[in-house]
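Here the structure is laid out as structure tokens; the discussion comes afterwards.
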Amino acid sequence: MSVCLPSIGPMTEFRDADLQGSVLDRVDLGGARLRDVSLAGARFHSVDLNGVVMRGVELVDVSIDGEIENLTINGVDVGPLIEAELDRRDPDRAKMRPTDPAGFREAWDVVERLWEETLARARALPPELLHEQVEGEWSFVETLRHLAFATDAWIRRAVLGDPSPWDPLDLPWDGMPDCAEVPRDRAVRPSLDTVTLLRRGRMGTVRELVDGLTEASLAADTEPVEGPGWPQPRSYPVRQCLRIVLNEEWCHRLYAERDLAVLEARRP
């Protein structure tokens, strides 16, 4: 994650300061030093912790949800342990790392099945709750809009070569720089049926692509697509593009399921 921000002057030092309740939004703390600092009850969202070193920390009752690799705790690389446990808990998860055309078809079978179950769960809620955010995360409807964007970006644009595949309801991730050619309407509140119709079309595009995969087409690189948008106009391995979409589908469904449980508790 890269944050490009104007400098506010020389390095600032806070000593013996009470900064409880402070909000740091789009702040670059690269190279910062924290000593004898209380982060009790803090909330981190979309935070880049690459290369962080912690010594003498107390990590109790902590919840971490994200991409974890090369994380060493008390001399033990816990990343592989976490991956193995998550795969054990849900065997479908391992299918999101396919290596051949048949594997990608099976992975998409899983995605379609699981999202149908999640949609059925969402439809049991009052429609207004599907526009409600849980702890600042995307609402359920916004999640579906973002997945439409991910398909447009990595499949319709990168793989299929459409320089401007966007639908007005597409929703890029929050940290993506504004681009006049890519929609980003955070105020619109489309119905679940409207967004589901968009999603089914986009998922059908992926289904058609994976059904036609061969060893050769899977091993190929995409042709660069010129013009503004995302991803950047260069060549990408087809395999990488498909795996990105699988990861988006898998992770955002987990987030949606997590938040639906909260919304169900709020149901009148």
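The values are calculated or read from the model by the stated rules, or taken from the named source; none is laboratory data. Nothing here was measured: the structure is a model prediction, and the numbers come from that model. Because the Cβ atoms are built from the backbone with ideal geometry, glycine has one as well, and the counts that use them run over all protein chains shown.
Numbers for the structure displayed
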{"item": "Members of region 214-268 that are of a type in the set (F, W, Y) and more than 30 Å from A120 (Cα to Cα)", "result": "W230, Y236"}
{"item": "Any hit, region 224-244, residues being β-branched (V, I, T), on the phi < 0 side of the Ramachandran plot and not in a helix (DSSP H, G or I)", "result": "yes"}
{"item": "Close pairs (8 angstrom Cβ cut-off, 6 or more residues apart or separate chains): at pLDDT 75 or above in region 24-44, surrounded by 10 or more Cβ atoms within 10 Å (Cβ to Cβ) and in a loop (DSSP other than H, G, I, E, B) anywhere", "result": "V27/V3; D28/V3"}
{"item": "Test result for A187, more than 20 Å from the chain's Cα centre (by Cα), without any contact (Cβ under 8 Å) to a residue 12 or more places away in the chain and part of a helix (DSSP H, G or I)", "result": "no"}
{"item": "Subset of region 86-104 (residues that are over 18 Å from the mean Cα position of the chain (by Cα), surrounded by fewer than 17 Cβ atoms within 10 Å (Cβ to Cβ) and touching a residue at least 12 places away in the same chain (Cβ under 8 Å))", "result": "D92, D100"}
{"item": "Single residue of region 49-85 satisfying the filter (acidic (D, E) and under 22 Å from the mean Cα position of the chain (by Cα)) that is modelled with the highest pLDDT", "result": "E85"}
{"item": "Residue within region 225-245 that is surrounded by 15 or more Cβ atoms within 10 Å (Cβ to Cβ), in contact (Cβ under 8 Å) with a residue 12 or more places away in the chain and over 22 Å from the mean Cα position of the chain (by Cα) present", "result": "yes"}
{"item": "Residue satisfying all of: in region 32-48; on the phi > 0 side of the Ramachandran plot and within 26 Å of the chain's Cα centre (by Cα); surrounded by the most Cβ atoms within 10 Å (Cβ to Cβ) among these", "result": "S46"}
{"item": "Residue pairs meeting the criteria (Cβ under 6 Å; at least 6 apart or on separate chains; first surrounded by fewer than 17 Cβ atoms within 10 Å (Cβ to Cβ), in region 119-143; second in a loop (DSSP other than H, G, I, E, B))", "result": "H131/S139; H131/R189; E132/S139; Q133/S139"}
